[in-house]
Amino acid sequence: MTNLARNDPLAFLENCVKHYDRDVRGYLTTMQKQERLQGRLQNKEVIEVAFRDQPHSVSLHWLQGARKADRVVFVASENDGMMLAHPAGAAGKLVKVVRRKVDSDEARESGRYTLDQFGFKNTLLRAISSMQAAQKKGTLRLQFQGEAKVIEAGQRVCYKIKRTYSEPESDGTQELTLYVDRENYIPIGVVVKGKVDPATGNRELLGEYFFRDVRLNPDLSPEQFKPAAFN
């Protein structure tokens, strides 16, 4: 896999999906993220995550930086495809659960990716699909940049793979850096950047996502993905 990452980063990422399909059913982790939404860079958020692949299930519990909600659950096959959320702050004392469409305007104002798009595998598939399209056009610029210890991911050693874009994606992305865990082949660091800020000469941060203390295939109860988990 190291040789493949060095010589053909796209094939390496495609093989990471195969490893995931073979070895991963779910996980627990702590996510640190910071995103630019509606043109404004938001504060950093720290979130406890539980994820299960079958059915696609997500549970998020904010430890830091909660804005509209401090707990959210989503199960693709339940609640008419809606996510359930516990409002943050004073509103949470009055209302226990609100239901929202997973792709509602309110959901999109809370993150660059909706909960039905969440997960390590989906991150890989999004990146691969865009890279394959660029490869067909002859515009793919993808570079293996060696191995690095990622502080935000708990000092895990990762393969660093960087893509620069010949033209911006529809969401403004012009640079993507993936940090793929050397042991488990999952993307535990993702940094997305956009246009160059003329004032600083640096690219504008659109989003960064780091995952630490990843526990693969824990025993996850269905109850972790129900409103009772809000108590």
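If each Cα of segment 102-180 is one equal point scatterer, what is log10 of I(q)/I(0) from the Debye formula at q = 0.11, 0.16 Å⁻¹?
Each listed q maps to, in turn, -0.37, -0.76.
For the chain, set up a GNM with springs between Cα atoms under 10 Å and report which of Val192, Val95, Val72 has the largest fluctuation.
In this elastic network of the chain, the residue with the biggest mean-square fluctuation among Val192, Val95, Val72 is Val95.
Run the numbers on segment 40-94 and let me know its relative contact order in percent, using alpha-carbon pairs under 8 Å that are six or more apart. Intermediate results must be reported in sequence, preceding the final value.
Details: 93 pairs, mean separation 14.0, N = 55.
Computed value for segment 40-94: 25 percent relative contact order.
Just for the Cα atoms in segment 170-226, what are the lengths along the principal axes, largest first, rounded to whole Å?
Sorted largest first, the three principal extents are 49, 30, 19 Å.
Quick one: what are the phi-derived ³J(HN,Hα) couplings along segment 215-231, Karplus 6.51/-1.76/1.60 with θ = phi - 60°, whole Hz, x for glycine and proline?
Calculated HN-Hα couplings, in order: 10, 7, 6, x, 6, 10, 7, x, 5, 5, 10, 10, x, 4, 5, 6, 6 Hz.
Give, rounded to the nearest 20 debye, the magnitude of the charge dipole that segment 56-135 has about its Cα centre when Lys and Arg contribute +1 at Cβ and Asp and Glu contribute -1 at Cβ.
200 debye
Please give, to one decimal in nm, the separation of the simple spin-label points placed at Asp171 and Asp23, each 7 Å out from Cα toward the Cβ.
2.6 nm
Based on a Kirkwood Rh over C-alpha pairs, give the Stokes-Einstein translational diffusion coefficient of segment 117-231 at 10 °C and viscosity 1.306 mPa s in µm²/s.
Stokes-Einstein gives a translational diffusion coefficient of 100 µm²/s.
Counting pairwise Cα distances across segment 27-135, what percent come out greater than 25 angstrom?
21 percent
Taking the chain as a Gaussian network, where each spring joins two C-alpha atoms under 10 Å apart, which residue of Ala91, Ala50, Ala153 fluctuates the most?
Among Ala91, Ala50, Ala153, the largest GNM mean-square fluctuation belongs to Ala91.
Which pairs break 21 Å Cα to Cα here: Lys68/Lys162; Lys33/Lys93; Lys68/Lys121; Lys33/Lys193; Lys44/Lys96; Lys101/Lys193? Write down the numbers at each step before the final one.
Working: Lys68/Lys162 33 Å; Lys33/Lys93 26 Å; Lys68/Lys121 26 Å; Lys33/Lys193 14 Å; Lys44/Lys96 25 Å; Lys101/Lys193 28 Å.
Those over the limit are Lys68/Lys162; Lys33/Lys93; Lys68/Lys121; Lys44/Lys96; Lys101/Lys193.
About its Cα centre, how strong a charge dipole does the chain have in debye, to the nearest 20, once Lys and Arg get +1 and Asp and Glu get -1 at the Cβ?
Working: 36 positive and 30 negative charges, 55 e Å.
Roughly 260 debye for the chain.
Let me have the relative contact order for the chain, percent, based on Cα pairs under 8 Å that are six or more residues apart.
21 percent
Excluding ligands, DNA and RNA, what is the solvent-accessible area per residue of the chain at a probe of 1.4 Å, expressed in Å²?
On the way: 11960 Å² over 231 residues.
Dividing the accessible area of the chain by its residue count gives 52 Å².
Averaged across orientations, what area in nm² does the convex hull of the alpha carbons in segment 8-56 project?
Spelled out: convex hull of the Cα atoms, projected over all directions, averaged, 5.4 nm².
Under a 1.4 angstrom probe, counting protein chains only, how are Glu175, Glu183, Glu35, Glu152 ranked by accessible area, largest first?
Ranked list, largest accessible area first: Glu183, Glu152, Glu175, Glu35.
Report, in deg cm²/dmol and to the nearest 500, the calculated mean residue ellipticity at 222 nm for the chain, where each DSSP H run with n ≥ 4 adds -39500 (n - 2.57) and the sum is divided by the residue count.
-6000 deg cm²/dmol
With the Cα gyration tensor of segment 19-82 giving a ≥ b ≥ c as the square roots of its eigenvalues, does the rule (a/c under 1.5 for rounded; else a/b larger than b/c for prolate; else oblate) give rounded, prolate or oblate?
Because a/c hits 1.5 or more and a/b exceeds b/c, segment 19-82 counts as prolate.
From the backbone phi of segment 98-114, what are the Karplus-calculated ³J(HN,Hα) couplings (6.51 cos²θ - 1.76 cosθ + 1.60, θ = phi - 60°) in whole Hz, Gly and Pro given as x?
10, 10, 9, 4, 5, 10, 5, 4, 5, 5, 5, 6, 9, x, 5, 10, 7
So what's Rg/Rh here for the chain, counting alpha carbon atoms and using the Kirkwood radius for Rh?
Checking Rg against Rh, the ratio lands at 0.97.
The values are calculated or read from the model by the stated rules, or taken from the named source; none is laboratory data. It should be emphasised that the depicted structure is a prediction, and the values quoted were computed from it without experimental measurement. Glycine also receives a Cβ, built like all others from the backbone with ideal geometry; neighbour counts cover every protein chain displayed. Accessible surface areas use protein heavy atoms only, side chains included; no ligands, DNA or RNA. Shrake-Rupley method; radii C 1.70, N 1.55, O 1.52, S 1.80 Å.
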